[in-house]
Amino acid sequence: MAASNRIFCLSLGSQTVRLAEFTLDSRGGLILCGYRTSELMADPAADATRVAQTGIVLREFSAAVKGSKARANYSIPAQSVFTRFVKLPSVAEEQVEQIVAFEAQQNVPFPIDEVVWDYQLVTSPDPGKLEVVLVAIKADLLEELNAAVEEADFRTEVVDVAPMALYNAFRYNYSDLTGCSLLIDIGARTTNLVFVEAKKVFSRSIPIGGNTITAAIVKDFNEPFAAAEERKKRQGFVSLGGTYAEPKDPEIARVSKLVRNTMTRLHAEITRSISFYRSQQNGSQPERVFLCGGAVAMPYMREFFSEKLALPIEFINPLRNVAVDKGVDVTEIIRDSHLLGELVGLGLRSGSDCPMELNLRPASVVHARETAARIPCLVLAGACMLAILAGWWVYFSKATAVQTQVSEQLQAKINGLQAIETTFNSIRATIKAKQQIVAPLVGAIENREYWVRLIDDLNSRLPDQAIWITSMELEGPKIGMAPQTKAPENPVLVIKGLWLANPHGLNIIDDFTATLQKSSFYTVLPEKNRTPQSVEDWATEYTLRLALKQPSVP
């Protein structure tokens with residue numbers, strides 16, 4: 001048997017914990033492969049330890065079936081879950097979730113962030129209306145129950161509500177029925193009523209159950225709860241009343257009357273629930289009743305409801321369409337068949353689509369599943385990252401090898417060029433030393449030609465007529481002069497000459513001055529005393545002072 005094909009279903013009742021193991025056949029049908037049940041301490045005073053007791057039983061189950069890390073669907077008893085059927089105005093499909101969330105905040109009697117809740121649309125008898133079933137449970141209670149499940153090495157898949165799991169099982173096994181059917185599930189603390197017709201469903205929980213009978217025995221016999229529970233199991237039956245003779249044992253007679261009184265109260269609540277279903281939910285009168293739950297095994301329970309409700313009464317058989325593996329104890333299955341409805345409904349959640357698919361998975365389970373779903377992506381991303389890093393490593397390894405090879409080739413060339421550079425540096429040093437030796441000789445040659453080039457420059461700038469130079473005189477230090485206390489200025493060349501009458505007059509001197517200013521040998525100094533030409537004079541003197549640009553002259 002493939003481990004992945006095993007479906008473990010757990011009914012976490014307030015007084016009984018049951019486990020059923022299913023597999024799927026080739027067509028998706030259920031096969032019952034195993035069944036276990038265990039009683040918890042019945043005394044309500046032990047409620048504080050109820051989850052701990054449940055955990056112990058679940059660990060025993062897990063060890064017995066070797067179901068480590070197997071997926072499990074489990075149901076929560078109705079008294080632990082708030083259930084409400086709410087009618088909504090007809091809205092667009094994309095607005096349903098928003099309006100349901102608003103209704104949940106209005107209807108759930110706890111802060112919405114302190115509960116785990118879910119909903120499902122159901123058929124409404126009113127045209128133009130939607131109806132949803134809202135279920136909610138306190139988040140801390142759910143986490144405590146789920147911790148007991150997962151600590152027993154089961155892996156939570158579906159968390160259902162007991163009446164809705166029973167409804168799914170009934171739909172699966174009694175799909176051929178028409179009209180309205182009423183399921184009466186009498187548990188330890190509550191009786192769950194489930195009305196089923198066509199595509200419509202309605203449920204209600206009544207706070208009367210097997211423990212109510214036990215509490216009446218405790219009060220009447222003045223004995224502990226555990227003793228009263230044992231007396232109920234040993235002596236209890238539903239008194240037929242009327243003309244039927246009472247048991248000879250007075251204690252048994254007292255117990256039977258207490259049971260009948262409790263069942264009479266339950267019948268009154270069932271009658272009111274039927275009236276509510278017909279008037280407020282527009283439902284039909286039930287045509288038949290199916291009994292299930294632990295308390296219905298009490299003798300004459302079927303006869304009592306047949307008398308009171310005047311309807312066909314039978315025990316539910318949730319295995320009508322479920323195969324039973326040959327390794328299962330058939331005697332035990334027949335004895336407890338009326339208790340297997342929730343377990344079959346839970347098994348169907350993993351094998352096929354169900355008419356009611358509520359799921360109250362706690363936040364820790366949702367987070368764990370989301371994390372697990374991301375693991376393949378994270379692994380793939382990690383593999384891609386490693387591949388990228390490996391690619392870069394290969395690339396850089398090859399690049400490093402190429403770089404090393406090129407570097408070695410370049411270094412060989414650099415070494416050859418460095419040898420040439422050393423030779424050049426030696427030659428440059430030799431040239432520099434020679435230049436220092438010949439510098440005075442070059443300077444002497446250049447100085448020897450200085451005045452020739454300066455006079456050639458003056459001649460080249462002298463106008464062709466009306467002006468000439470008569471004398472030149474040097475002012476300032478000369479090469480070889482003795483040092484002075486004040487730093488000598490550049491020498492000044494004073495030139496004197498004559499200019500003749502001409503159409504430009506004195507401007508001829510200005511033009512000559514402007515031409516001289518362009519020279520690279522000297523700069524013309526301002527001359528303030530210029531004599532205009534007299535009528536009597538045939539020529540007029542002029543003087544120009546030229547500051548030589550060379551600091552010293554030969």
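The values are calculated or read from the model by the stated rules, or taken from the named source; none is laboratory data. Just so it is clear, the model here is predicted, and its values are computed rather than measured. Please note: Cβ atoms are built from the backbone with ideal geometry, for glycine as well, and neighbour counts cover all protein chains shown.
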Filter result for THR156 (surrounded by fewer than 20 Cβ atoms within 10 Å (Cβ to Cβ), modelled with pLDDT under 95, out of contact with any Ser or Thr (no Cβ under 8 Å at 6 or more places or on another chain) and not in a helix (DSSP H, G or I)) = no
Is it the case that some residue within the stretch 359-379 is surrounded by fewer than 15 Cβ atoms within 10 Å (Cβ to Cβ) and not in a helix (DSSP H, G or I)?
-> no
Tell me, which residue of the stretch 291-320 that is touching a helix residue (DSSP H, G or I) at 6+ places or on another chain (Cβ under 6 Å) and in a strand (DSSP E or B) is surrounded by the most Cβ atoms within 10 Å (Cβ to Cβ)?
-> CYS292
Return a yes/no flag: does the stretch 366-386 have any residue that is among the aliphatic types (A, V, I, L, M) and in contact with a Leu (Cβ under 7 Å, 6 or more places away or on another chain).
-> no
Mind checking whether some residue in the stretch 193-207 is over 39 Å from the mean Cα position of the chain (by Cα), surrounded by 23 or more Cβ atoms within 10 Å (Cβ to Cβ) and in a helix (DSSP H, G or I)?
-> no
Given (1) of a type in the set (Ser, Thr, Tyr); (2) closer than 16 Å to SER14 by Cβ; (3) surrounded by fewer than 23 Cβ atoms within 10 Å (Cβ to Cβ), SER181 misses just (2)
Check whether at least one residue in the stretch 488-509 is of a type in the set (S, T, N, Q), modelled with pLDDT under 70 and in a loop (DSSP other than H, G, I, E, B), and report yes or no.
-> no
Neighbours by Cβ (under 9 Å, 6+ apart or cross-chain): first from the stretch 132-145, in a strand (DSSP E or B); second crowded, with 23+ Cβ neighbours inside 10 Å and of a type in the set (S, T, N, Q) | VAL133/SER203
So which strands (runs of 3 or more DSSP E) are wholly in the stretch 1-120 and hold at least 2 residues that are among the polar types (S, T, N, Q) and buried (at least 21 other Cβ atoms within 10 Å of the Cβ)?
-> 70-76
Taking GLY443 and the conditions (1) at pLDDT below 85; (2) over 30 Å from LEU548 (Cα atoms), which numbered condition does it fall short on, given that it satisfies the others?
-> (2)
When PHE237 is run through (1) farther than 26 Å from SER337 by Cα; (2) aromatic (Phe, Trp, Tyr); (3) surrounded by fewer than 22 Cβ atoms within 10 Å (Cβ to Cβ), the failure sits at (1)
